[in-house]
Structures are given as structure tokens and as C-alpha cells.
1. Could you count how many residues in segment 199-213 are surrounded by 14 or more Cβ atoms within 10 Å (Cβ to Cβ), within 26 Å of the chain's Cα centre (by Cα) and without any contact (Cβ under 8 Å) to a residue 40 or more places away in the chain?
2. Answer with yes or no whether G166 is closer than 14 Å to T209 by Cα and at pLDDT below 95.
3. Kindly list, by first and then second residue, each pair from a residue in segment 224-248 that is under 15 Å from A208 (Cβ atoms) to a residue that is β-branched (V, I, T), limited to pairs with Cβ atoms under 7 Å and residues at least 6 apart or on different chains.
4. Report, by residue number, each residue of segment 203-228 that is modelled with pLDDT under 90 and among the charged types (D, E, K, R).
5. It is to be established whether one or more residues within segment 36-50 are modelled with pLDDT of 95 or more, more than 22 Å from N177 (Cα to Cα) and in contact with a Gly (Cβ under 8 Å, 6 or more places away or on another chain).
6. Please give the number of the condition C44 fails out of (1) touching a helix residue (DSSP H, G or I) at 6+ places or on another chain (Cβ under 9 Å); (2) surrounded by fewer than 17 Cβ atoms within 10 Å (Cβ to Cβ).
7. Identify, from the list S117, S82, the residue that is of a type in the set (G, A, S) and either modelled with pLDDT of 95 or more or in the same structural domain as I8 (by TED's automatic domain parsing) (or both).
8. Filter segment 46-73 down to the residues that are charged (D, E, K, R) and either out of contact with any strand residue (DSSP E or B) (no Cβ under 7 Å at 6 or more places or on another chain) or outside any strand (DSSP E or B) (or both) and list them by number.
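The values are calculated or read from the model by the stated rules, or taken from the named source; none is laboratory data. It should be emphasised that the depicted structure is a prediction, and the values quoted were computed from it without experimental measurement. Positions of Cβ are backbone-derived with ideal geometry, glycine not excepted, and every protein chain shown enters the neighbour counts.
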Amino acid sequence: MKITIDGIFCEAEKGEMLLQIARRNNIYIPTLCHSDALPGLGTCRLCVVEILDRGRKGVVASCIYPVKNEIEVFTHSDKIKSIRRNLLMLLYARTPQDETIDSLRKEYHVPDNIRFSGDKDEHCILCGLCVRACQELGTSAISTVNRGITKKVSTPYDEPSTQCIGCGSCAYLCPTNAIKIEEINGVRTIWNKEFRLVRCTRCGKPFATKEQLEYNRKKLGEDHVELLCESCKKAVTGEKLRDIYERV
């Protein structure tokens, strides 16, 4: 079926998310909490768009809105820009020094002299993407704690979590780099916990924690896990494929 996004006709499958269709057609919709690896969160609401469905208008979050019939979509109408400005004003108030939020604030002409003022060292927008990543991985080492203005993402009692395997998935997916991860002299530090990194047997580069590799081994049900970084895995796979082609 066909839908119209900002005057552009786009092919769509029934049930396909609106954001996915827009991106496939190079139509820009801003997002913060969305990840292709972990879709369907829909908490930041920055991806809202206006739709016209059988004569009725509405505002929906494009990342979690499944297209069911032919509709017309407006990604940057005056109403949508106003909603995004209000959202960014609140996010900027919470994280006044964050570069990602500041860039979006400027894009939508949100003034920097707003009445509210947050912690200048705060970068977390409480989107929950990091918590979702940790839950999907299966360790659930972090979660949102407290309520109201004291709500935050943390480990139980702010202590080093016994469940954390130091994989860094939470930090890599964070849209504002709020989760600090350091790697110094073969030691990774995250959530106030230190992990010794294992070196790649091919290139010698430290690439994963011992706990992470052990977790993967158990999850995959394997006797051992190959100690190769992603770059070397690709190189080895390429070499094997070349050998096969040469034999053929």
C-alpha cells in the first residue's frame, strides 16, 4: 500500500512502523530513545508526527505507530514543531550542558534562557534505552530507581552490581553519552565496577571482559568462546570465504 509523508508517496507494508518507512525514504524524523536493535520503546516522544487518517487528524509517536491503511503524514507541521520545542525545553532544563540536547534545541529554536535549571553535570534524559538493553541481554544489572525529581538510572543501592558483566551495551546505546565507561591499561570501568579486559588472540587488542565472554559461552551453550575481536572475526571469515572461492 502507499502512504504520503510530507507529500512524498512511500510504499508501506501493513503493520510496518511509520518511522521505519520514513527512514527508508530518507525522510528525517528526530529520535533519541529509538534503536533499530531495540525498537518499540517510544518514551522520548521526539519522533511525534501528525497524521490524517480517513479525514481525522491525530498526533502519534512514529517509532511505535504501525501503519494499517493509507494515511497522510506531516513530520514538520507547525503543531509538531511546537510539541518538539516543548519537549526539548524540558530536556534542556534537565540536561543544560548536554551537546546532543543542545544541538536539537538550536535546531528547533528553543531559547537558552528558560526558567528551569537542572544539574549542569546531568546528561541522562531517562529514556530507558540502557535499561531495556540490559534487560534484553538478560542480566538486568541496572534499572530506574526513585521517583519524581530524584528518579535516575542506577545499580541496586548505587553499589557495584553483581549482575553486571561489563559489556558496555548500555553505554553504547545511550543517546546522550550519559553512562561513563573508561578503558585504561586493559581495565574497563563502568557503574563503579572494574573489569579486566581479555585480549584478542589474533591482534592482541583488549576487547571484552572475562565476565562477558563467560556469559556468552553459557548463553550459547558452547564449551568455549573464540577470543577474537569483531575486526578479527570479520578478517577470519573473509579469509575462509576466499579459501572456498579459490578451491571452487
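1. The total comes to 3.
2. Numbers: closer than 14 Å to T209 by Cα: yes; at pLDDT below 95: no.
No.
3. Pairs that qualify, where the first residue is under 15 Å from A208 (Cβ atoms) and the partner is β-branched (V, I, T), are L227/V198; L227/T201; L228/T201; L228/V236.
4. R217, K218, K219, E222, D223, E226 - these are the residues of segment 203-228 that are modelled with pLDDT under 90 and among the charged types (D, E, K, R).
5. Taking every residue of segment 36-50 in turn, at least one turns out to be modelled with pLDDT of 95 or more, more than 22 Å from N177 (Cα to Cα) and in contact with a Gly (Cβ under 8 Å, 6 or more places away or on another chain).
6. (2)
7. S82
8. D53, R54, R56, K68, E70
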